[in-house]
Structures are given as C-alpha cells and as structure tokens.
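I have placed the structure first, in the form of structure tokens, so that the comments after it can refer back to it.
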Amino acid sequence: MTTTAPETPTALPAAADAHRGILRSVLRTPRGSIAGGFLLLLILATLLAPVLAPADPLRQNLHHVLETPSSRYWLGTDSLGRDLLSRLLYGGRPALAGVLEGVLAQLVVAVPLGVATGYLGGRFDRFVMRVCDIVMSVPTIVILLGVLTIFDRSIAAAMITLGVLSAAGTLRVVRGAAMTVRQELYVSAAELLGLGRVQIIFRHILPRCRGVIIVQTSLFAAVAIGIQTGLTFLGLGPPPPSPTWGGMINESAVTLSRAPWLLVPAGGLIALTVLAFGILGDVVRDVTAQSHTSSGGLRARPASGRRAPEAPVEVPGSEAEAPVLLRVRDLDVSFLTPHGEREVLTKVGFDVRAGRTLGLVGESGSGKSVTARAVLGLLEANGAVTGGSVRFRGRELTRASRKELAAIRGTGIALISQEPMVALDPSFRIGAQLGEVVRAHTRMSRGAARRRVLELLEMVELPDPEEIVTRYPFQISGGMAQRVAIAAALAGSPELLIADEPTTALDVTVQADILALLRRIQADTGMAVLIVTHDWGVVADICSDVAVMYAGQVVESAPVEDVFARPSHPYTAALMAAGPEHAPRRTPIKAVEGTVPPPGDRPAGCRFRTRCPLAEADCAEQEIPLLPVGEHRTSRCIHTAHLEARR
Amino acid sequence: MLRLIGNRIATSIPLLLIVTLIVFVLQAFVPGDAARTILGENANPQTVAALREQLGLNEPLVSRYGDWLAGALHGDLGTSIISGVDVMSSLDTRLGVTLSLLVPSMLLSAVAGIALGFASAVRGGFLGRVIDVVSLLGFALPSFWIALLLVAALAERANLLPATGYTPFAESPGDWLRSIVLPVIALSLHGITAVAKQTRDSVAEVLEADYVRFLRANGVGTTSLLLRHVLRNAAIPVVTSLGLVSIGMLSGAVFIENVFVLPGLGTLATQATLDHDVPVILGVGVVLTLAVIVVNLLIDIAYGLLNPKVRAA
C-alpha cells in the first residue's frame, strides 16, 4: 500500500478548456483514451459479472485445482478449483464500490470546504487549514484498523473514512485553485456588478476548479484501490468464500511454492487498474494545465553537422588597434525544442579587444544572452553550438575539453549575470562562497583566502566587508548582491568580463553606481568587458564598440561614437529613434513596431524586412551578408544608402 | 528553529488526541457494543450485561475516554479484552520487531534513493529510464504483492533466505539480518523509487539554476558544485519526500509483517482488528502516531539545518 502525496498542480485550468469539455480533450489523447477505455470496460465487466462470468465464483471443483490457463479456465483455477476469471469479475464489484464510496466521501467534504475557504478566506480559512494540517499527519492505517475493529468487516465504512481523511489534501488543492480564480478580473467584475456569493461560486469558481477536482479524484482512486485490496488482503473484508482481489492474493500465498501463477491474475488486474486511474489523473492535469511545460523531453545533443564558415569579412583597419582578445566567428547555436530543432543564432561574429568594452545590443529575443552563454560553454542542456568558432587569446573554445574550459572560467573569462539575487547560492554565506571561488583559482590557506575575500569586497566598494561575509544572499540588497557577484568575478583577475544585463534588475540609482564601479575597475585592471544590454544609456555610458543583434544575427557593428552619430542599419536606426537624446537615460529601448520573429518563424532573406521601413523586393531574394560600410564598420543591409537619404 | 520545534510539538498533542478520540467516538455509532461482539449474537443477556459492566461500557463515552486518557498519561493503556494481556507490555515486546523493519527501510530509501536519483540527474539516460519503469511498477503494484513475489523467487525457489518468521537481534545477529532482508526490500522498494524520482527532478532543476551557472562561470569546479551546492540546494524537496515515504512505511509495515509473519505491531493490530479488541488498537494507534510525530520532528530539524532562512529566523 502506498500513500502518494497529493501533488499541487502548477497551473490553473484554462478557461477555454474548461468550457470545451475536459472529457472530450482527455479521450482525444492516446493515453487518456486507453486508460478511460480500460476503466469503462472494467466497470461494465464487473457490473455484468453474472452474465459474463463463465462459472459460479464460489463453485469448487476439486478435480481441477491450481490449474494454469486453458480453454476451459481462461485464467486457471485456485486451490479449491474455482474459476479465477469469474472470481476476478465478481471481486471487482467490492473493489470498485469501495473506490466509489471513498471518492464520494472525499468530494462531499473537500469540494464545498475547499471552494468556501478559497473564496471567503479569513478566520474560517485559517481554522480549516489548521485542521487540515493535523488531519494530514494522522496515520491513515491506524484509523482504518480502528474503524474495522468497530464496524465488523465493513470495507464501506473504511473506504468512507479513507475518503474523509484524504479530503484534506484535495481540499488544499481546490482552495488554491479557488483563490487564484477569485483574484481574476472577471470575478471582481461580477462582484462589483452585485452578483451574490453563491452565484459567483457556482458560475465562476466551481467550473474553473473542475480540472483540479478531477485530477485529485483520479489520483485518490488509484490510492483507494490499493487500500481496498490491502484491507481485503489482510482478511478484514467480506469473509471467505466471497471473492475479493486482495483475498485472492492472500489465498495464492498459501500455495505460492506450488502454483506461483495464482499471483498473476489478481496482481496484474490491480496494477492495471491503479495505473489507469493514475494515468487518467495525469492526462487531465496535462489537458487542463494552462502552460504545458514540456522541457522534460529535451535532450542535449552533440555538436555535429558543422557548416562551412561564411567567407570571413575582415573589418577594414581592424588589426590596427589593441589586440583581439575574444574573436567570435560564424557562431551557430541550436536548441532542441518540443517542436524540433530551432536555430537560435546564425553566424554570429564580433571581436572584443583587450581593455575595450563591446556592447551587444538588441531587443529581447535577439539572441544576445545566448551568445554570451555560448562563449563560456554554458548553454542550457538542450542547446548546442552547431558551427563556427569562439577564440579566446587564439585558443578555440567550442572544441575545448571540459577541463580546458574550466581552466579558463574565472581566470580568463568571468561572468556576472542579470539577476544578482539568484546568482548567489542561497544556502551559503557570502564569505564561504567567495572563499570557494578564490580557492578555486589559487591554492591558499583558509586564512589567506579570507583576507583575499575582504580585499575583493573592498575593491567593489562595499562598506563593512567583515560584516558582509557573515550574511546570506537573502540578507543583502540587489545592488549589494551585484557588487558581491562582481567581487566573485574579479577573484581570478580575468582578462575579459562578460556582463549579461548587469543593471537591468536594479533600481535606477543603483544602476549608475554599478556602471561607475565597472568603469573604475576596468580602468584599474585593464580588463575587457563584453556587456549584454538593451539599454542605450548603458551603451553610451560604458561601451567603446557596439554589435547590434536582431533575430539571431549581428546586423551592425561599429565603434560607439559612429553608431550614435550615424546608424548604418535600419534596425539600429529604429532602436535609436526614441534614442538617448529624446528619452531619459537608461530607459529600456522603445519598442520598434512589431516583435522579433522567434526562431523557426524568421522571414527568408533579410530577417528585419517584415518590420523595416526601407524594405524592397530584393531584400527577400537572398540572405544578406555583413557588408563593410566604412572604417571599422559593417552592416547587414543592402539599402544603407536609403537610410542616409532619409536622415 | 526552536520555535519551529516547539510549534511541531504543540500541534502533536491535538494529533494524538484526535487519533484516539476518533476511535473512541466511532464506538458510539456501532449497533450493539463490544460486549455483544465478543460474546456473539446468541449470548445470554445476563452474561452480556455482566461483561458490559466489567468493561465499563455503561459509563458515558466522555468519562470512558477521560479514564483511558488518565491511564495513558500514567503509562497504563489497559488490557486486551481477548487475552487480558497488558497492552503496554505487548506493545513493548512487538515494537522492536517493527523498528527492525522500519529503520533499515527508511535508511535504505534515503541512501539508495538519493544516490540513484543524483546519478541519473547528472549522468541521465539509461539509469533514469530504469528508475521511471521501476517507480511506475512500485506505484501500481501493492507492496504485499511484491513481497509475495520476492518470497516466491528468493525464498521458495532459490531458498536463499527464510520466507517467514523473525529472529531477535539479541539471539543471533546473523539470523536477524537474514530474517529482515526480504521484508526490508519489499517495504523500501516504493520508497527508494519515490525518493530517487524526487532527487532526480530536484537536482535537475538546481543544475539549471543561475547560481550554478554563475559559480561555474567563475571557476568553481564540478565536484564542489555537485557535492556542495547542488546537493545542498536540492535537498529540501528530497527531505519532504523522505518524510512522506517514511510515514507511508508505517502503513506498509502492517501489510509486510503479515506477509512475512513477523510478530510486530502490524500483525498485532491486524489480529486486534479481527478480534474487535479496542484497547489494543488504541495502543497501536498511540505508538504509530508517536512515530509520525517523531518523523515530522526530524523533518523539521532537517529543514532548519538545510534552510538558512529558517535557521536565521
């Protein structure tokens, strides 16, 4: 016997589904139709047992004991020569009746109380929840045995008790669903219109809770079958010779060594019934869940099928200045999604020079964060680099071993990320985490590591480092957390810092401080920075070069002054239309008309043409290459001249 | 932390009262009463009346519950109405057997479940699919059925281990071990797979967490990441599932003891149920409820140790 925890559905039933009819949606899935069909057959077969059963379940035939299946006894016979198939069919009646009794008892208790507590809330809700807490820790078996001690062999009493005890879990789930529905606009609207509480419950709350109720009921039924057979196995049900599934297993135990087959029919049927209820619950949950999370099916894929690189576009005069530290060329990245493979990055290329700062700019969905992760070899499990090259100080990273990559992380290239509050491990003190990062780079004693940690915290201008190291991440503010993250990134004295939207999650005043800190550290250490941002203010503040990304491609790259003076791609121009001189500094880029097309839905030819004011017929004819448009500049547009003309 | 433990103990008292009270109150609904059930339908009315008097059944339910409670507080749980044996002493002799079954099963579920789940989250693939199939079977097949299968295969056929019976540890540690191997496997199979599944899901989620990427990006090695950061942060849902599994095992033990004919609390309770022996059922109920309370307390302490927010509060 197992007691499964009632799982809380993560999503609410979608209103549309609730109205379309859950049953039809369930039966349309293969798993749902098989499980539902099996249960329907089982119910019909047990109901029609007097008609269907080949023999009287009680009739003994001592000439045919312990037989294996034959044409006369389809499932064999037991130690008294009784037909197993007939006993199974008749035994299904108390089993399914027990489930029905339990389910009804559970629904009668859980649904009204769940809806009422969820919708009304308040003191009543707190009291009921308190009782639920206690009831959920009651050892079920004790109560069931107690019930059977008093109500002689009454499985019905036991199953009703089981239903009432299990109602606590269902009640919570229904309450949760009712609470969510209650907060929705149309319910508030109905309240404002003066609809009574009862009407609201029946019209709005109950229909939306239907999904979770069915899920809970199916899962409970699976548990109830287990309990019913368990109790009858213990001999607490109808006395022999009446057939029960658990009783049949108990009887087979006596002759186990001589006739192990006897275990199979009853055990198999119990297992199938439990599975059918369990699967039905799962399917209903899937059907009614609003957001279907299907990442479970994703698998990492090997980086294979590399394509021939695009002819290298050397930016004129690019070798003139500081040496190139990070060179990305023709980088392709694909993700395996439930809808198939999706190419997220296409031939992305840019250079980061020693001591300089490159801004990767674009709307969300343009692929800039994926690029930053791909450089470090830290893509999600379902993503992979499928082509191109990432060279750091001349060393190829896309083909580097785990060990080689590990050696570069932190000391060669370090990272700070968008959400400082989730970048630190919540379970460890700040001092312990920083100490670990420090010691990962250089072998040193704990005392020396501690001194280095304090030094780093001073470098990022945190007041009172001695006190900060004793705190947990949840005890500091977002701005402080980002400083701690920067300290961790500086621990290995990296030559390149990748900063993935380092200020997006912070308050405006804190943003300026963090950018100032990055500039100062850069001046002190001479490290290069690759900063991912959608904020022209950040670009103006800190970047020396810019690469603009759109739909998985770099569409323009140029020194920062040139971009601000004269964008050479219509997308850049559109992004800047509400740009730094018109909008307050560090506000997100004003949305360009439309959205970035998702991978798999990108137009042929120029990917921006569907939103581009300059688009002409030839934009759709071919993939647009990156074209040189002057010193140090490239653009993925064949009509840059028109852009000039419009200015 | 202390407040958490205090809170748990405070809610434990109503739990004990509720469990015993339910059994008491149910007696009021029975047609006839204990005296009638013991003596049978055809008994002489005078004998029934005498027994009723002897059992104190003429007292109102509330005062009977009060008497029982007062006795229980002094360590007196009454006597079996069938055998006349003191309930406390029969609980005492049987508790050891049930604990020999429960404690190793809980430890096995924890160790094997976490190891398998962790390995399948990090390595993935084949091991994960095996766990999926086994846990599906563990969900669908009753534990007593699996126990019988083990008996059929390992005890009856291969004759490796005893099929039934129990040898106390004090008598012979070797025989004790042999007598609990099959029951422990049968009892923990579901627990191992449930813990393994939870561990796998929880570890897989933490592996995708921002802080894991951040620490890795800044040079923290794989071994430390997995053993310190991932395992630690994945632990809380695993502890929750361990608690549920352990409480489920209290029920499972009743069935497993019956299959292997172990003289523990489960077989005692089953026999008492068949005999309508209310004092014994109440006694077993008290012990199993205390076991639930201890498990919950351990879980709370584990939460406190694992979650700095609880510890700091």
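Taking residue A:86, is it more than 32 Å from the chain's Cα centre (by Cα), more than 14 Å from chain B (Cβ to nearest Cβ) and assigned to a loop (DSSP other than H, G, I, E, B)? Even if it seems obvious, please write down each step before you answer.
Details: more than 32 Å from the chain's Cα centre (by Cα): yes; more than 14 Å from chain B (Cβ to nearest Cβ): yes; assigned to a loop (DSSP other than H, G, I, E, B): no.
Answer is no for this residue.
Any residue that is part of a helix (DSSP H, G or I) and buried (at least 17 other Cβ atoms within 10 Å of the Cβ) - is there at least one of those in region A:491-506? I'd like the intermediate steps shown before the answer.
Here is the first cut: in region A:491-506, the residues part of a helix (DSSP H, G or I) are none.
No: zero hits.
Checking residue B:179 against (1) more than 24 Å from the chain's Cα centre (by Cα); (2) crowded, with 17+ Cβ neighbours inside 10 Å; (3) over 21 Å from residue B:115 (Cβ atoms): exactly one of these is not met. Which one?
Status for residue B:179: all satisfied but (1).
Considering only residues that are buried (at least 24 other Cβ atoms within 10 Å of the Cβ) and either within 8 Å of chain B (Cβ to nearest Cβ) or part of a loop (DSSP other than H, G, I, E, B) (or both), which ones fall in region A:425-435?
A:425, A:433
Just wondering, is there one or more residues in region A:117-130 that are in the same structural domain as residue A:168 (by TED's automatic domain parsing), over 17 Å from residue B:22 (Cα atoms) and of a type in the set (S, T, N, Q)?
The answer is yes; a qualifying residue exists.
Note down all Cβ pairs under 6 Å where the first residue falls in region A:38-60 and is closer than 30 Å to residue A:27 by Cα, the second is surrounded by 13 or more Cβ atoms within 10 Å (Cβ to Cβ) and among the aromatic types (Phe, Trp, Tyr), and they're at least six residues apart or on different chains.
Short answer, once both residue conditions are applied: A:49/A:90.
Going by the conditions given, is residue A:452 at pLDDT 90 or above, within 14 Å of another protein chain (Cβ to nearest Cβ) and over 33 Å from the mean Cα position of the chain (by Cα)? Please lay out each step first, then the result.
Working: at pLDDT 90 or above: yes; within 14 Å of another protein chain (Cβ to nearest Cβ): yes; over 33 Å from the mean Cα position of the chain (by Cα): yes.
Judged against the criteria, residue A:452 is a match.
Anything in region A:232-251 that is outside any loop (DSSP other than H, G, I, E, B) and in contact with a helix residue (DSSP H, G or I) (Cβ under 6 Å, 6 or more places away or on another chain)? List them, or say none.
Looking only at region A:232-251, we keep the residues that are outside any loop (DSSP other than H, G, I, E, B), and these are A:232-233, A:245-251.
A:232, A:233, A:245, A:246, A:247, A:248, A:249, A:250, listed by residue number.
Quick check on this structure: which one of B:96, B:128 is over 24 Å from residue A:226 (Cβ atoms) and touching a Ser or Thr at 6+ places or on another chain (Cβ under 9 Å)?
Exactly one of B:96, B:128 is over 24 Å from residue A:226 (Cβ atoms) and touching a Ser or Thr at 6+ places or on another chain (Cβ under 9 Å), namely B:128.
Taking region B:252-279 as the search range and keeping residues that are under 15 Å from residue B:100 (Cβ atoms) and assigned to a loop (DSSP other than H, G, I, E, B), which one is farthest from the other protein chains (Cβ to nearest Cβ)?
B:263
State which residue is surrounded by the most Cβ atoms within 10 Å (Cβ to Cβ) when the search covers only region B:189-212 and only residues that are within 12 Å of chain A (Cβ to nearest Cβ) and either at positive phi or small (Gly, Ala, Ser) (or both).
B:191
Filter region A:562-579 down to residues that are modelled with pLDDT under 80 and surrounded by fewer than 18 Cβ atoms within 10 Å (Cβ to Cβ), then give me how many there are.
Taking region A:562-579 and keeping what is modelled with pLDDT under 80, we get A:577-579.
Within this subset, residues satisfying the condition of being surrounded by fewer than 18 Cβ atoms within 10 Å (Cβ to Cβ) are A:577-578.
Looking only at that region, the number is 2.
Do we find a residue being assigned by TED's automatic domain parsing to the domain that holds residue A:505, modelled with pLDDT under 90 and closer than 17 Å to residue A:493 by Cα anywhere in region A:389-406?
yes
For the subset of region B:213-238 comprising residues that are in contact (Cβ under 8 Å) with a residue 24 or more places away in the chain and crowded, with 20+ Cβ neighbours inside 10 Å, which member is farthest from the other protein chains (Cβ to nearest Cβ)?
Let us first name the residues in region B:213-238 that are in contact (Cβ under 8 Å) with a residue 24 or more places away in the chain, namely B:226, B:230-238.
Narrowing further to those that are crowded, with 20+ Cβ neighbours inside 10 Å: B:230, B:233-235, B:238.
Working: B:230: 9, B:233: 5, B:234: 10, B:235: 9, B:238: 13 Å.
The selected residue is B:238.
Conditions first: (1) among the β-branched types (Val, Ile, Thr); (2) within 9 Å of chain B (Cβ to nearest Cβ); (3) within 24 Å of residue B:203 (Cα to Cα). Residue A:370 passes all but one, so which condition is the exception?
Condition (2) is where residue A:370 drops out.
Quick grid of which residues meet (1) under 26 Å from the mean Cα position of the chain (by Cα); (2) modelled with pLDDT of 90 or more:
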residue: A:246; (1), (2): no, yes
residue: A:259; (1), (2): no, no
residue: A:267; (1), (2): no, yes
residue: A:271; (1), (2): no, yes
residue: A:274; (1), (2): no, yes
residue: A:279; (1), (2): yes, yes
residue: A:284; (1), (2): yes, no
residue: A:292; (1), (2): yes, no
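Within region A:372-395, can you find the residues that are surrounded by fewer than 17 Cβ atoms within 10 Å (Cβ to Cβ) and closer than 19 Å to residue A:529 by Cα?
Of everything in region A:372-395, those that are surrounded by fewer than 17 Cβ atoms within 10 Å (Cβ to Cβ) and closer than 19 Å to residue A:529 by Cα turn out to be A:391, A:393, A:394, A:395.
Need at least 2 residues that are in contact with a Gly (Cβ under 7 Å, 6 or more places away or on another chain) per element, so show me which helices (runs of 4 or more DSSP H) inside region A:107-212 make the cut, counting only ones lying wholly within it. Can you show your working first?
Details: elements: A:122-136, A:140-150, A:155-182, A:185-192, A:197-200.
In region A:107-212, the matching helices (runs of 4 or more DSSP H) lie at A:140-150, A:155-182.
If we scan region B:280-300, do we find a residue that is more than 10 Å from chain A (Cβ to nearest Cβ), hydroxyl-bearing (Ser, Thr, Tyr) and touching a residue at least 24 places away in the same chain (Cβ under 8 Å)?
Within region B:280-300 (the criterion being more than 10 Å from chain A (Cβ to nearest Cβ), hydroxyl-bearing (Ser, Thr, Tyr) and touching a residue at least 24 places away in the same chain (Cβ under 8 Å)), the answer is no, since none of the residues qualifies.
One residue is enough: does region A:204-216 have a residue meeting the conditions farther than 19 Å from residue A:111 by Cβ, modelled with pLDDT under 85 and not basic (Lys, Arg)? Spell out the reasoning first.
Step one: of region A:204-216, the residues farther than 19 Å from residue A:111 by Cβ are none.
Checking region A:204-216: not a single residue is farther than 19 Å from residue A:111 by Cβ, modelled with pLDDT under 85 and not basic (Lys, Arg).
For region B:119-144, what are the residues that are at pLDDT below 85, surrounded by 18 or more Cβ atoms within 10 Å (Cβ to Cβ) and away from chain A (no Cβ under 11 Å)?
Hit for region B:119-144 is B:131, nothing else.
Against the definition (within 14 Å of chain B (Cβ to nearest Cβ) and more than 30 Å from residue B:280 (Cβ to Cβ)), how does residue A:136 come out, yes or no?
Numbers: within 14 Å of chain B (Cβ to nearest Cβ): yes; more than 30 Å from residue B:280 (Cβ to Cβ): no.
It is false that residue A:136 is within 14 Å of chain B (Cβ to nearest Cβ) and more than 30 Å from residue B:280 (Cβ to Cβ).
Can you find, within region B:44-95, the residue that is nearest to residue B:284 (Cα to Cα) among those that are small (Gly, Ala, Ser), surrounded by fewer than 12 Cβ atoms within 10 Å (Cβ to Cβ) and within 29 Å of the chain's Cα centre (by Cα)?
Selected residue: B:89.
The values are calculated or read from the model by the stated rules, or taken from the named source; none is laboratory data. Source: prediction; values computed, not measured. Positions of Cβ are generated from backbone atoms using ideal geometry, with glycine treated the same way; all protein chains shown enter the neighbour counts.
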